[in-house]
Amino acid sequence: MEYKISEKMKDMKPSAIREIFKSLSDPEMIAFAAGNPAPESFPVKELNEISNYIFQNNAVTALQYSISEGYPALRESVKKRLNVKDTVIIVSGGQQGLELTNKVMCNPGDVVLCENPSFIGALNAYRSNGTIPVGVDIDEDGINIEKLEHALKTIPNVKLLYVIPNFQNPAGLTMSLEKRKAVYSLALKYGVIILEDNPYGELRFRGEDIPTIKSMDTEGIVVYCGSFSKILSAGMRVGFLCAPDELMQKIVVAKQVEDVHTNIFFQMVCERFMNHYDLEGHIQKVRGIYRAKCHNMLTALDKYMPKEVKYTRPDGGLFIWCTLPDSIPLNDFVQTALAQKVAVVPGTAFNCDETAPSQSFRITYSTPSPEQIERGVKIMSEIVGGFLR
């Protein structure tokens with residue numbers, strides 16, 4: 001049988017990160033590729049207690065169909081924590097929030113401006129809906145404002161501006177307050193909706209918090225997407241979306257078509273953790289875990305990596321972005337590292353233009369042990385040294 005794949009899916013490529021996941025089943029592999037939360041960050045004891053409580057006291061609600069907008073008590077708790085007036089709904093991980101917003105706002109052929117590089121999950125979601133992601137280069141303090149305005153002026157059919165202001169995936173960089181204000185002003189000037197993705201914002205382990213773009217929104221042009229994946233459990237697939245009610249009504253309809261509603265049991269788990277346990281204390285513990293892990297990785301990079309390789313120094317989140325000198329072919333480096341049991345993600349996976357070259361790769365410190373971090377960085381450094389020689 002010859003299968004005729006739809007036009008919107010026939011040229012879609014699998015996520016490079018999801019493909020790399022297949023190699024991580026090797027127990028000897030040092031996983032610098034996957035952005036998984038640290039296993040020690042999971043509050044297993046508390047989640048066990050909460051699960052028992054729910055099944056003993058509210059099992060029918062946890063096991064029955066629920067409303068598409070999400071568990072009301074959780075929606076209210078998230079709205080209070082965000083301190084927003086807009087409508088909040090619960091989605092199946094932040095990924096669904098990104099995809100639903102694109103589906104509702106964009107027609108095939110419309111453009112989404114994205115930081116370049118950007119999160120591969122978002123890029124593939126946009127491509128699957130027939131939307132065209134167009135990259136705008138980033139500086140050390142976030143998206144380049146001059147290039148952003150040029151894109152808004154010259155590119156037709158721009159419907160969304162997608163940004164990750166805090167500890168950007170993949171670069172690990174943070175957008176400055178000045179640039180957040182400039183981004184909002186430009187979006188307002190050119191009539192473009194901002195999709196602000198903030199899955200890592202709670203993971204700041206150095207410096208001061210910076211206000212979200214959503215907190216500046218007086219005109220209803222910012223859709224805000226967050227998640228419990230990095231602070232409680234990625235496997236729960238519980239995220240949230242905040243947007244003006246008129247827009248959210250259509251997003252809810254789109255969600256009904258996709259999955260009816262997000263897993264209600266895990267929504268109840270999140271709500272009870274927020275309101276009956278020490279969420280702030282838990283977040284501080286998680287920040288401490290990543291502070292130590294990031295320190296370990298940067299210390300190893302400073303010690304072993306040849307100076308020709310440049311890398312970012314994040315203030316939070318999970319990722320470090322490394323850039324090779326032009327003399328080292330990226331794919332050869334990535335394949336050599338994989339053969340020596342170190343998995344990294346090539347920067348080409350995060351390009352808005354899938355045909356564009358890259359000299360960068362993403363590594364994460366979230367899941368490897370301190371010993372694995374040191375050993376993995378040494379291996380990468382030796383590979384770079386070999387290429388340089």
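Data overview
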{"read-out": "Within region 142-171, considering residues that are without any contact (Cβ under 8 Å) to a residue 40 or more places away in the chain and open to solvent by 60 Å² or more (accessible area, probe 1.4 Å), the one nearest to T364 (Cα to Cα)", "value": "K147"}
{"read-out": "Members of region 201-217 that are aliphatic (A, V, I, L, M) and farther than 17 Å from R180 by Cα", "value": "L203"}
{"read-out": "Unique match (being under 23 Å from L113 (Cα atoms), polar (S, T, N, Q) and modelled with pLDDT under 95) among T348, T355", "value": "T355"}
{"read-out": "Index of the failed condition, V84 passing every other in (1) without any contact (Cβ under 8 Å) to a residue 60 or more places away in the chain; (2) open to solvent by 10 Å² or more (accessible area, probe 1.4 Å); (3) of a type in the set (A, V, I, L, M)", "value": "(1)"}
{"read-out": "Residue in region 295-308 that is within 24 Å of S25 (Cβ to Cβ), open to solvent by less than 70 Å² (accessible area, probe 1.4 Å) and small (G, A, S) present", "value": "no"}
{"read-out": "Matching residues, region 353-389, being assigned to a helix (DSSP H, G or I), open to solvent by less than 20 Å² (accessible area, probe 1.4 Å) and not polar (S, T, N, Q)", "value": "I373, G376, V377, M380, I383, V384, G385"}
{"read-out": "Those residues of region 241-257 which are closer than 24 Å to M216 by Cβ, open to solvent by 10 Å² or more (accessible area, probe 1.4 Å) and of a type in the set (A, V, I, L, M), in sequence order", "value": "L247"}
{"read-out": "Some residue of region 202-212 being open to solvent by 20 Å² or more (accessible area, probe 1.4 Å), more than 21 Å from C242 (Cα to Cα) and of a type in the set (S, T, Y)", "value": "no"}
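The values are calculated or read from the model by the stated rules, or taken from the named source; none is laboratory data. This structure is a prediction, so every number in the text was calculated from the model and none was measured. Here the Cβ is made from the backbone with ideal geometry for all residues, glycine too, and neighbour counts use every protein chain on show. Calculation scope for accessible area: heavy atoms of the full protein, side chains included, ligands and nucleic acids excluded. Shrake-Rupley method; radii C 1.70, N 1.55, O 1.52, S 1.80 Å.
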